[in-house]
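J.: Below you'll find the structure I mean.
The values are calculated or read from the model by the stated rules, or taken from the named source; none is laboratory data. This one's a predicted model, so the numbers in the text were calculated from it and none came from an experiment. So basically every Cβ, Gly included, is an ideal-geometry build from the backbone, and we count neighbours across all protein chains shown. Keep in mind that these areas ignore ligands, DNA and RNA; they rest on the heavy atoms of the full protein, side chains included. Shrake-Rupley method; radii C 1.70, N 1.55, O 1.52, S 1.80 Å.
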Amino acid sequence: MPFPTSTISRFLVLLALVWAGAVHPPAQAAQAEVRIGVLAYQGEQAAAEDWAPLAAALDRALPGRHFVLRYFGLQDLWHAVENEEVDFVITHGGQYVALESAFGASRIATLENPRFSSPGKALGSVVVVRAERQDLQQLADLAGQRLAAVAPEAFGGYLVALRELHDVGVELDDLGSVDFVGFPMQKVLQELLDGRADAATLRACLLEELAAQGSIDPTRFRVLAPQAQQGFPCQLSSRLYPDWPFVSLHHTDRALAKAVATALLAMAPLPGGVAWTVPADYQEVHALYRELQLGPYAYLRDTTLLARLKRFWWVFVGLFLILAAWVVHTVRVEYQVAARTKDLRKALAERDAAQARILAQQDEAEHLSRLSILGELSSTLAHELTQPLASIANFAHSMVRRLDSGRYTPELLAGASRDIASEAERAGGIVQRIRSFSKKRVAIRQDCVPGELVQEAVELFCSMLAPPPQVTLVDRLPRSTVVEGDPLQLQQVLLNLMKNAWDAMQALPPAQRRMDLEIGGDGGQCTIRVRDYGCGLDDAQMARLFESFFTTKPDGLGLGLSICKSIIEAHAGRLVAMRPDEGPGMCFTVTLPAHERTA
Ligand code: ADP
């Protein structure tokens, strides 16, 4: 913030200090020196005239202290504070706010000028144009025009007007140019009169002061956007700001600051009527800097990534933490999902393997069950097979005898050969059916005609028993109705039911061993009923009938019915057992879904 301070004046001040030390060394050396840095915006001499009475008054108020005034331009005052070369500062509100932000300076009093109604509303600016410039009526008209001002850092002489322009949408870049003419401030008016500027800005009241002195002809100027502020005695183009503060610094002794503040508030008005009062509110100055993005708020202009990073580091850190938390969460969830998927796959694989084992065991059990049926019936199977074989042998011997005796005719030989072939086919059929029934195989599904299924099962069953039981088969179902299933498995069920019925009738004389098979149902389902006239079962046995390993037979496995039930249920059907309404024995009913054969 360059505020020209002449080297000569500084030299003179130094000289004065050296002189003061030389002339009064013993008296002053005993007194503690308190240094007050004063902004001398109109030069040291003018400032000394204004402020020397203050130093004297403070000396009087605080005996034992010697107050020394030091005069600086804006920039030098800034450095003096930075280097702790002064203990107090008297400057305008603009610089005070900057010092407050940079070095923690604090105001302990504000100047009170009797000309203004409030110390908080004592400083403003005017923007003036030449009276004849009718084209310039409002602040907004200054876009593209040349503005004259004191200095870039001048508060009342520049920044205050800049804020007003900003408020009406005229930014610095929108101005044709800005010429800084330096102090004294009235030089801007000369720029205006000489035609080097279209408008000029200066501290409010200066215009009136100069007119009163006769330095200017006020009719040659016109104030733009004049504002009426109650209690303010001068023309104004801006809002008002607080008067100059008396500032204590970060390193200033607190007891001293307190003593000075007390002395200032108690002090009689200085020549000119100005006095010190309680500190005013400088928020309006903050607002100015913030709007213009200058001074303590200059960082707002810096939009580089680094600047944003410095400004909003907490946002970035927050975002980073959120991102990190999200990444950690995602990775954790992914990990858990992967782990659980692995577990699930393993469990599924184990379940599949267990299911496969169960299916294999079921197949094995079914196979064993079929073999068991065959095993139990095979004792009579051999006998059954001997019949066709004996017939074949008889036919063959009879042919040989006739050939030997010459009593044969071609018709006779052909007839005997046909009988032999028929018996051989019968025996072969029995063997074939048993072989296919006992084969290990994978379950299939196909449309089966219930009547045919039952008929084949009955034939196989009867072919293995001697003497065969009396089996009556009544088929009430049309041949067009079919069930979808594995024919071999369904036949296995029927064989099991017939074998159990046959077992249950062992106590009966062979002539009374009979069973009734009945096929019925409607279009949607098919029922196959197997009824015997055997020993039957009591209630306790009935309750456990379908349990695995429940058997009443000495050599029984107790698996047949439970396998039958699982086969029928795998065909979406039901297997139930009940006592017949009339007579002895048991009645087993298989119910299966059925449908009409298509094509
Ligand atoms: P197993 O024939 O090896 O005993 P099953 O599961 O086929 O095994 O039969 C279990 C039991 O059910 C038989 O032991 C028998 O006591 C009883 N049972 C089955 N069918 C009949 C039936 N038609 N009449 C009387 N009891 C029967």
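J.: Rounded to the nearest 20 Debye, what is the dipole magnitude of the chain about its Cα centre when Lys and Arg each give +1 and Asp and Glu each give -1 at the C-beta?
T.: On the way: 57 positive and 68 negative charges, 341 e Å.
It works out to roughly 1640 debye.
J.: A further question on this structure: Taking the Cβ of R133 as the centre, find all other residues whose Cβ is under 13 Å away and add up their charges (Lys, Arg: +1; Asp, Glu: -1).
T.: On the way: positive: R130, R146, R220, R222; negative: E132, D135, D141, D198.
After counting each charged neighbour, the total is 0.
J.: Accessible area, 1.4 Å probe, largest first: how do W326, W276 sort?
T.: On the way: W326 150, W276 10 Å².
From most accessible down to least: W326, W276.
J.: Determine the sum of side-chain charges near F316: Lys and Arg each +1, Asp and Glu each -1, restricted to other residues whose C-beta is under 11 angstrom from that of F316.
T.: Details: positive: R308, K310, R311; negative: none.
Residues near F316 contribute +3 overall.
J.: Provide the percentage of antiparallel DSSP beta bridges, counting only those with both residues in the chain; round to the nearest 5. Kindly include the intermediate steps, with their values, before the conclusion.
T.: On the way: 44 of 67 bridges.
Looking only at bridges with both residues in the chain, the antiparallel portion is about 65 percent.
J.: To continue, here is another question. How much length, in nm to one decimal, is gained on full extension between Q293 and K346, taken as 0.36 nm per residue of separation minus their Cα-Cα distance?
T.: Numbers: separation 53, 0.36 × 53 = 19.08 nm, distance 6.55 nm.
In short, 12.5 nm is gained.
J.: Charges on Cβ only, +1 for Lys and Arg, -1 for Asp and Glu, centred on the Cα centroid of the chain; of A511, V590, T91, which one is farthest towards the dipole's positive end?
T.: Sorting the options by dipole projection puts first A511.
J.: Using amide H atoms built 1.01 Å from N in the peptide plane, name the residues 5+ places from F246, or on other chains, whose amide H lies under 5 Å from its own.
T.: HN-HN under 5 Å from F246: I108, A109, T110, L111.
J.: Show E582, E364 ordered by accessible area, largest first, where the area counts protein heavy atoms only and the probe is 1.4 Å. If you can, show how the numbers build up before the last one.
T.: Details: E582 145, E364 70 Å².
Ranked from most to least accessible, the order is E582, E364.
J.: How large is the accessible surface of S566 in square angstrom, using a 1.4 angstrom probe and rounding to the nearest 10?
T.: My reading of the accessible area for S566 is about 50 Å².
J.: Rounded to the nearest 5, what % of the DSSP beta bridges within region 51-209 are antiparallel ones?
T.: Details: 5 of 11 bridges.
The antiparallel fraction comes to roughly 45 percent.
J.: Still on this structure, I have one more. Can you pull the accessible area of C448 for me, 1.4 Å probe, Å² to the nearest 10?
T.: Estimated to the nearest 10 Å², C448 gives 10 Å².
J.: How do 119-131, 151-163 rank on mean C-beta neighbours within 10 Å, highest first? It would help to have the intermediate numbers written out before the result.
T.: Details: 119-131: 22.8, 151-163: 24.3.
Result, highest mean Cβ count within 10 Å first: 151-163, 119-131.
J.: Right, something else. Heavy-atom accessible area of F549 with all protein chains present, probe 1.4 Å, nearest 10 Å²?
T.: Spelled out: F549, probe radius 1.4 Å, area about 140 Å².
J.: In what sequence, highest mean first, do 168-174, 481-487 appear when ranked by Cβ atoms within 10 angstrom? Walk me through the numbers before you get to the answer.
T.: Values: 168-174: 12.3, 481-487: 20.3.
So the order, starting with the most tightly packed, is 481-487, 168-174.
J.: Sum up the charges of everything whose Cβ sits under 10 Å from the Cβ of R35, counting Lys and Arg as +1 and Asp and Glu as -1, but leave R35 out.
T.: Working: positive: R70; negative: E33, E84, E85, D87.
Around R35, the charge tally is -3.
J.: Then there's this: Tell me, what ³J(HN,Hα) does each residue in region 107-114 have, in order and in whole Hz, if you take phi through Karplus 6.51 cos²θ - 1.76 cosθ + 1.60 with θ = phi - 60° and put x for Gly and Pro?
T.: In residue order, the calculated couplings are 7, 10, 6, 10, 5, 10, 9, x Hz.
J.: Is the shape of region 93-145 rounded, prolate or oblate, going by the alpha carbon gyration tensor and its root eigenvalues a ≥ b ≥ c, with a/c under 1.5 for rounded and a/b larger than b/c for prolate? List each step's numbers first, then the result.
T.: Numbers: a/c = 5.12, a/b = 1.92, b/c = 2.67.
The shape class here is oblate.
J.: Send over a whole-number figure in Å² for the accessible area per residue of the chain, probe 1.4 Å. Kindly include the intermediate steps, with their values, before the conclusion.
T.: Values: 31310 Å² over 599 residues.
Counting only protein heavy atoms, the per-residue value for the chain is 52 Å².
J.: Counting only protein heavy atoms and using a 1.4 Å probe, what share of the accessible area of region 439-580 belongs to carbon plus sulfur, as a whole percent?
T.: 53 percent
J.: Around Y241, which amide H atoms from residues at least 5 apart in sequence, or from another chain, sit under 5 Å from its own amide H, with H modelled in the peptide plane?
T.: Amide H neighbours of Y241: A122, L123, G124.
J.: Relative contact order for the chain: what is it in percent, counting Cα pairs under 8 Å that are at least 6 residues apart?
T.: Working: 920 pairs, mean separation 62.1, N = 599.
Relative contact order for the chain comes out at 10 percent.
J.: Another question, then. Could you order K310, K187 so the one with the most accessible surface comes first? Probe is 1.4 Å. All intermediate terms of the calculation are to be shown ahead of the outcome.
T.: Working: K310 150, K187 85 Å².
Descending order: K310, K187.
J.: Then there is this: Pull up all non-local amide H partners of Q525: gap of 5 or more, or a different chain, and H-to-H distance under 5 Å with H placed in the peptide plane.
T.: Result for Q525 returns A594.
J.: Same structure again: Tell me what the chain gives for mean residue ellipticity at 222 nm when only DSSP H runs of n ≥ 4 count, each as -39,500 (n - 2.57), the sum divided by the residue total, rounded to 500 deg cm²/dmol.
T.: Values: 17 runs with 284 residues, N = 599.
The helix contribution divided over the chain gives -16000 deg cm²/dmol.
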